Amino acid sequence: MKQIWIVDDDEEMIRAVQLMLKLLGYEGRAFFQARPAARALLDGANPDLLVLDINMPEVSGLEMLEFLRSRTGLRDIPVVMLSTESSDVQVDRALALGADAYVTKPVSPEELDAAIKKAFLAHGKR
């Protein structure tokens, strides 16, 4: 079963996304801040995909995305951005920084599934 990490400071959203992931056949692991997720990655954890919220305290999802794409061992992890931000400027910025897909909250299971598949495909994974 593929493991997908959800990095979001909203506990309700994490629970909802975890439930959707379970229904879609994935295992979801929650992080309420980017730093603990980054530490786990640097310690050798290897998730199949990350779902990142943009607006988080301390380290934003965009900063986390920049961190991932700047590290040789981490740049190939597929990333889906999940945010309340829906402006073209924000979406374009996330995609320019290396996000593989972008969905806005609230997200449906179908939208999440399509974004995950798009992100996996971008990295030659199924």
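Taken together, the values in this text are just the output of simple stated rules run on the coordinates, not laboratory data. Given the structure is predicted, the values throughout are model-derived calculations rather than measurements. Positions of Cβ are backbone-derived with ideal geometry, glycine not excepted, and every protein chain shown enters the neighbour counts.
Hey, in the GNM for the chain with a 10 angstrom Cα cutoff, which one of A114, A96, A37 fluctuates hardest?
Sorting by GNM fluctuation, first place goes to A96.
Excluding R69 itself, calculate the net charge of residues whose Cβ lies under 12 Å from the Cβ of R69, where each Lys or Arg counts +1 and each Asp or Glu counts -1. List each step's numbers first, then the result.
Details: positive: R71, R75; negative: E63, E66, D76, D100.
Local charge sum for R69: -2.
What is the Cα centroid distance between the stretch 31-49 and the stretch 66-107, reported in whole angstrom?
That distance is 16 Å.
May I ask you to derive the relative contact order of the chain, considering only C-alpha pairs under 8 Å and at least 6 residues apart, and to give it as an integer percent?
Values: 209 pairs, mean separation 26.8, N = 126.
Relative contact order, the chain: 21 percent.
Can you tell me which of S83, S70, S60 moves the most in a GNM of the chain? Springs connect C-alpha atoms under 10 Å apart.
S70
Using a 10 angstrom cutoff on alpha carbons, build the Gaussian network for the chain and name the most mobile of L65, L95, L24.
Comparing L65, L95, L24 in a Gaussian network model of the chain, the most mobile one is L24.
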